[in-house]
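Q: I'd like to ask some things about the structure below.
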Amino acid sequence: MIEAPAGTAWYVYGVAEDDPALERLDAVELIRQGNLVAIVREVPLEEYDEAVLPERLNDREWLERNARAHEDVLQGAAAVTAVVPLRFGTIYRSPEHVVEMLGERAGEFAENLQRVRGHVELGVKAWVDLSALEQTLAAGDQPVAGGGAGAAYLQQRAQQQERSRELSDRLTELAEEAHRRLSAVAAADVVNRPQPRELTGRSEAMLLNGAYLVPEGDDRLRNEVEQLAAEHAGLGVEYELTGPWPPHNFTGEQS
Amino acid sequence: MSVVERRRSPLLRDEVTLVELVDRVLNKGVVVTGDITLSVADVDLVYVGLRLLLASAATLEEQREGK
């Protein structure tokens, strides 16, 4: 029986500034070039074969296991040195190709590492319970005056229309205000598209999906989120803080 | 205070939803052209897949609740 040689590939999680502490990371290898280190793992090539990859990505169990592994490796590396995350599923067929890549992109990696050194990424989401906010705004309506059922109906309708305009203006203002205040205490910021409800599985709508790069140990952003939450609680707006994350959102020019 | 904090400590790792993770790990990070890399189409497929998974999970729950 003839067996094809097991194809091995090198999965690259991220590129870090060299640091002896990286040697302590579990189950990864380091490929060095200059003062850059690629954090890699040997994987069976068949696992990431282009022909099966789309199918694998839609296998929830596979996706979750590998996405978490990717994140765990980056988190481990970020705990000891500056690291630039690479996108999930970056695979090379030989360590030499990884070395070439490090050499070709050395300048860009150095710039990115400079930007994220000593910083962490925090995620902030604002959620709004639309029905609660509508009620709050409706409480400000004028009581419907006399003048017959027809006039009352028209007045009510005008108020409703006014309210829905007010609602959408208010939501835009809230998101802008929150992001402005959070950006003011961050070294860098990115606003991402709010995730649709069918993905979040929540009844509230996502108002803000922001990522902020902040100095490690700096509590200003956290405090600002708490302040915003206190101010906006009456409007049915809730804030969610995630992280610290490796700086996925702050790796330079992106599509 | 209505700030929900989801910290990424190992103990609370399940708190970080798969959607959140996918949003960062598959959608962000430096793109270098490896010998094999994910294409945008692949990532879109993931979202389609997650939507279907979540939609089917919701349907299952509704069915359970309906019983």
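Q: For the range A:83-91, check the following and say yes or no: at least one residue is on the phi < 0 side of the Ramachandran plot, in the same structural domain as A:Thr172 (by TED's automatic domain parsing) and among the aromatic types (Phe, Trp, Tyr).
A: no
Q: Among the residues of the range A:23-45, which ones are touching a residue at least 40 places away in the same chain (Cβ under 8 Å) and either within 12 Å of chain B (Cβ to nearest Cβ) or touching a strand residue (DSSP E or B) at 6+ places or on another chain (Cβ under 6 Å) (or both)?
A: Matches in the range A:23-45: A:Val28, A:Ile31, A:Leu36, A:Ala38, A:Ile39, A:Val40, A:Val43, A:Leu45.
Q: Now a separate question. Considering only residues that are surrounded by fewer than 20 Cβ atoms within 10 Å (Cβ to Cβ) and at positive phi, look in the range A:232-255 and name the one that is modelled with the lowest pLDDT.
A: Filtering first and then ranking leaves A:Gly252.
Q: Right, another one. Pairs needed: first member in the range A:193-210, more than 12 Å from B:Asp23 (Cα to Cα); second member anywhere, surrounded by 13 or more Cβ atoms within 10 Å (Cβ to Cβ) and among the small types (Gly, Ala, Ser); C-beta distance under 6 Å; at least 6 residues apart or different chains.
A: A:Leu207/A:Ala126; A:Leu207/A:Ala175; A:Leu208/A:Ala126; A:Leu208/A:Ala175; A:Leu208/A:Ala178
Q: Go through the range A:35-86 and count every residue that is among the small types (Gly, Ala, Ser) and surrounded by 19 or more Cβ atoms within 10 Å (Cβ to Cβ).
A: Going through the range A:35-86 one residue at a time, the tally reaches 6.
Q: Which residues, counting only those in the range A:223-243, are within 7 Å of chain B (Cβ to nearest Cβ), farther than 16 Å from A:Asp129 by Cβ and touching a residue at least 24 places away in the same chain (Cβ under 8 Å)?
A: Answer for the range A:223-243, where residues must be within 7 Å of chain B (Cβ to nearest Cβ), farther than 16 Å from A:Asp129 by Cβ and touching a residue at least 24 places away in the same chain (Cβ under 8 Å): A:Val225, A:Leu241, A:Thr242, A:Gly243.
Q: Filter the range A:199-222 down to the residues that are within 11 Å of chain B (Cβ to nearest Cβ) and of a type in the set (S, T, N, Q), then identify the one that is surrounded by the fewest Cβ atoms within 10 Å (Cβ to Cβ).
A: It comes out as A:Thr200.
Q: Among the residues of the range A:179-222, write down those that are charged (D, E, K, R) and within 28 Å of A:Leu130 (Cβ to Cβ).
A: Listed by number, the residues that qualify are A:Arg180, A:Arg181, A:Asp189, A:Arg193, A:Arg197, A:Glu198, A:Arg202, A:Glu204, A:Arg222.
Q: For a quick check of your reading: which helices (runs of 4 or more DSSP H) sit entirely within the range A:38-137 and have at least 2 residues that are closer than 14 Å to B:Val32 by Cβ?
A: In the range A:38-137, the matching helices (runs of 4 or more DSSP H) lie at A:95-104, A:106-116.
The values are calculated or read from the model by the stated rules, or taken from the named source; none is laboratory data. Only a predicted model underlies this, so the values are computations on that prediction, with no experimental measurement involved. FYI the Cβ positions are ideal-geometry reconstructions off the backbone, even for glycines, and counts take in every protein chain you see.
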